[in-house]
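Let me begin by presenting the structure, written as structure tokens, before commenting on it.
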There are 2 protein chains.
Amino acid sequence: MKQYSIVLALLLFLSGTWCFGQTNQPVIADDFKPSTLNQPGKEFPQVNSQGYVRFRIEAPHAQSVVVSLGLGGTKGGTPLAKAEDGSWKGITSGPMEEGFHYYHLTIDGGVFNDPGTLNFYGSTRWESGIEIPAHDQDFYALKDVPHGNVQQILFPSKSTSTSRRAFVYTPPTYGKDKKQRYPVLYLQHGWGEDETAWSNQGHANLIMDNLIAEGKIKPFIIVMTYGMTNEIKFGGLRNFDITPFQTVLVDELIPYIDANFSTIADQKHRAMGGLSMGGMETHTITLNKPEVFSWYALLSGGLYKPEEIKDNSKVKLIFISCGSFENPDGVKNSVVALKAAGFNAVSFVSENTRHEFQTWRRSLKELALLLFKE
Amino acid sequence: MKQYSIVLALLLFLSGTWCFGQTNQPVIADDFKPSTLNQPGKEFPQVNSQGYVRFRIEAPHAQSVVVSLGLGGTKGGTPLAKAEDGSWKGITSGPMEEGFHYYHLTIDGGVFNDPGTLNFYGSTRWESGIEIPAHDQDFYALKDVPHGNVQQILFPSKSTSTSRRAFVYTPPTYGKDKKQRYPVLYLQHGWGEDETAWSNQGHANLIMDNLIAEGKIKPFIIVMTYGMTNEIKFGGLRNFDITPFQTVLVDELIPYIDANFSTIADQKHRAMGGLSMGGMETHTITLNKPEVFSWYALLSGGLYKPEEIKDNSKVKLIFISCGSFENPDGVKNSVVALKAAGFNAVSFVSENTRHEFQTWRRSLKELALLLFKE
């Protein structure tokens, strides 16, 4: 059925191109459905099989309504037009790329969220989110398989004088056999995001559940906490000081996890990875603390140079990834150099994606296939 | 310090009343602070020591901005005025009642959330929320005590052909002694809310952590799931059919919890409670399934009549509560009648609160003090 509608959409698209070839006006398939990230019962925004997004905002007395979502990832935008019923309507000028996108509305000069959608923490604020169905969305779909849990923990942090929050993914088998212990991946979000991002935007738990159900990976625990510990005023990354977060992660969170969860509490069974700024943190902390982690992963988050890593016998894996619209050559070249220096290094490039969550969902899947295997 | 500022505020208030007695214009204490439920780094909305709320919304070209929050709970509202800097500002016309309140903005006729605040699911949408510091807020404060976890689970539901979400509070000691098993409270949200409400708005986990740290209660598990199973279109309560939710709860969720958590899996160690519509569900399901639950709790959610309950030997406790601005006499009279009929019934009236979460936070605390004690 879905295949059929894609073919139909393609035919419509092609016939449209033919009919209106001179004006370059494609036919927009009339198969819009509410986005899967809409609030319960909300009809708008809607996405069609081509990836166009249709908006409808109620603001009868507004002077202007502009949606930040437009072509080319977060660039551009879509101005809405006032309809006869007093609502504001509009369609993106082209199909959006596959996967998750943040966006917001600018209404009469003020920034607000679309009341139709769920909100996701990005850009240091809770933003509207939309999901463009992807050709490979099956790997993060909610399926009828055994599901692991995502546990909110509050762990004591002396260095920041508070109880800090983290989320812990435990695989479906966790706790069934009281003697079984699991390796752990510490997984960081990007700048302006928080510890909710990998579950909410990334579907990290569903990616793991599906890989485990297919027997493709050995189950492991994932721990996700807030990485902008010193960034109270959300300054730039130039003056980022890793020390406060490194202290929270290495001296407070890891001991708490090892004391309270069934982990294999040694360096050989501990990984660190992160996206974007979280990759930068991973790079710095793994180099500062080689005795803590054996498995390193940078997801659109920089590169390792072979000379930065002193002892290649302590490193089990270096995984480096990005979207094909980012810096794929840099990623590939870095991995070639690491391999030449004797490291077990793997690159992954997500096709037709950029600095967004579809790149990182795919990267986590590829990483999970490699982690803790020897 | 806090005591002092309350006295100061009172003095300011009284002196204001005296000075401007003829115009009834109280002095508003100039000690506004960002609400504790603001998004990180956001200065507005702000609350002062008297409970006044000050708003600031950026929408330079808007024609009108009105905040739904006003005196008398959710009634009334606060129109904002355009300031010289292009923002919209305003203060509630009086102090708000203690505790949590939902609200939203109406901007040029459209309903949006305040971009300064976190969002909470109520009224079938994610709404802005604000917290008015309460004189008794210590019992749900985040403290340096051992914390339990809030686990998101996805449990299989054949009757609704999907994996459904629930949140499970496990006490701090959970899992430490592999042999220890815990009683369970199934706790329901109100109409238009969902399974996130008791943790986000209610702070159920912190209430439990604090009571356990003080040694006042025996630790138990709390399970919270979505109770509007048949209400896809969010219709009224008049046509509410309990069957779909009762099936999910009794035939699917309870067996899953008993199979996957360290519970004492019998009727004597199982409670059901709920607020508002969740109380209505509790009332119906406990009467339909007397073999499943022994402990019943209605929080601003109706009453039991003695003649409705066939066998008083199976019921360990009936707890009925509400806010003092709701129906306290009805609650008290119901409990008197239940006691006269031989039931262990307890009433609780939350002072100076209405059909809002401060009533339910206090009710949960009072209920927890009684549960599973014999």
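The values are calculated or read from the model by the stated rules, or taken from the named source; none is laboratory data. This is a predicted model, so every value here is computed, not measured. With ideal geometry, Cβ positions are generated from the backbone for all residues, glycine too; neighbour counts draw on all protein chains shown. In case anyone asks, the SASA skips ligands and DNA or RNA and just uses the protein heavy atoms, side chains included. Shrake-Rupley method; radii C 1.70, N 1.55, O 1.52, S 1.80 Å.
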Test: B:V27 is modelled with pLDDT of 90 or more and in a loop (DSSP other than H, G, I, E, B): yes
Condition met for B:V336 (touching a Cys at 6+ places or on another chain (Cβ under 8 Å) and either without any contact (Cβ under 8 Å) to a residue 40 or more places away in the chain or among the charged types (D, E, K, R) (or both)): no
Residue in segment B:354-372 that is surrounded by fewer than 22 Cβ atoms within 10 Å (Cβ to Cβ), farther than 28 Å from B:P133 by Cα and either among the charged types (D, E, K, R) or outside the structural domain of B:M272 (by TED's automatic domain parsing) (or both) present: no
Qualifying positions in segment A:124-144 - open to solvent by 30 Å² or more (accessible area, probe 1.4 Å), within 11 Å of chain B (Cβ to nearest Cβ) and not in a strand (DSSP E or B): A:A141, A:L142, A:K143, A:D144
Residue match in segment A:253-264 (condition: in contact (Cβ under 8 Å) with a residue 12 or more places away in the chain and within 19 Å of A:R361 (Cβ to Cβ)): no
Per-region count, segment B:162-183, residues facing another protein chain (nearest Cβ under 9 Å) and among the small types (G, A, S): 2
Unmet criterion (only one of (1) open to solvent by 10 Å² or more (accessible area, probe 1.4 Å); (2) of a type outside the set (D, E, K, R); (3) not in a loop (DSSP other than H, G, I, E, B)) for A:G274: (1)
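Conditions (1) within 14 Å of another protein chain (Cβ to nearest Cβ); (2) of a type in the set (K, R); (3) assigned to a strand (DSSP E or B); (4) without any contact (Cβ under 8 Å) to a residue 12 or more places away in the chain, marked per residue:
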| position | (1), (2), (3), (4) |
| --- | --- |
| A:G70 | no, no, no, no |
| A:E84 | no, no, no, yes |
| A:K89 | yes, yes, yes, no |
| A:G94 | no, no, no, no |
Output for segment B:200-217, where each listed residue is within 19 Å of B:M228 (Cα to Cα) and either open to solvent by less than 20 Å² (accessible area, probe 1.4 Å) or assigned to a loop (DSSP other than H, G, I, E, B) (or both): B:Q201, B:G202
Any chance A:G190 is under 14 Å from the mean Cα position of the chain (by Cα) and on the phi < 0 side of the Ramachandran plot: yes
Hey, B:E43 over 22 Å from B:Y121 (Cα atoms) and out of contact with any Pro (no Cβ under 6 Å at 6 or more places or on another chain) or not: no
Extreme residue, least open to solvent (accessible area, probe 1.4 Å), among residues of segment B:293-337 that are hydrophobic (A, V, I, L, M, F, W, C) and over 20 Å from B:A368 (Cβ atoms): B:I309
Hey, A:I222 within 19 Å of the chain's Cα centre (by Cα) and open to solvent by less than 60 Å² (accessible area, probe 1.4 Å) or not: yes
A:G302, sole failed condition from (1) free of Cβ contacts under 8 Å to residues at least 24 places away in the same chain; (2) at negative phi: (2)
Residue match in segment A:236-250 (condition: away from chain B (no Cβ under 13 Å), modelled with pLDDT of 95 or more and more than 24 Å from A:E308 (Cα to Cα)): no
Residues being more than 7 Å from chain A (Cβ to nearest Cβ) and more than 17 Å from B:V47 (Cβ to Cβ) - total across segment B:106-123: 4
Selected residue [of a type in the set (G, A, S), part of a strand (DSSP E or B) and outside the structural domain of A:L105 (by TED's automatic domain parsing)] from A:S163, A:S159: A:S163
Subset of segment A:30-59 [assigned to a loop (DSSP other than H, G, I, E, B) and within 14 Å of chain B (Cβ to nearest Cβ)]: A:T36, A:L37, A:Q39, A:P40, A:G41, A:K42, A:E43, A:F44, A:A59
Within segment A:166-179, considering residues that are modelled with pLDDT of 95 or more and in a loop (DSSP other than H, G, I, E, B), the one surrounded by the fewest Cβ atoms within 10 Å (Cβ to Cβ): A:T173
Unmet criterion (only one of (1) open to solvent by less than 20 Å² (accessible area, probe 1.4 Å); (2) within 13 Å of chain A (Cβ to nearest Cβ)) for B:H101: (2)
Matching option when the condition is small (G, A, S), open to solvent by less than 10 Å² (accessible area, probe 1.4 Å) and within 12 Å of chain B (Cβ to nearest Cβ), among A:G227, A:G192: A:G192
Scope segment B:63-98; condition open to solvent by 50 Å² or more (accessible area, probe 1.4 Å) and within 23 Å of the chain's Cα centre (by Cα); matching residues: B:L71, B:T74, B:K75, B:G76, B:P95, B:E98
Any pair with Cβ under 7 angstrom, 6 or more apart, that starts in segment B:135-149 at a residue that is closer than 22 Å to A:S159 by Cβ and ends at one that is of a type outside the set (A, V, I, L, M, F, W, C) and in a loop (DSSP other than H, G, I, E, B): B:P146/B:P172; B:H147/B:P172
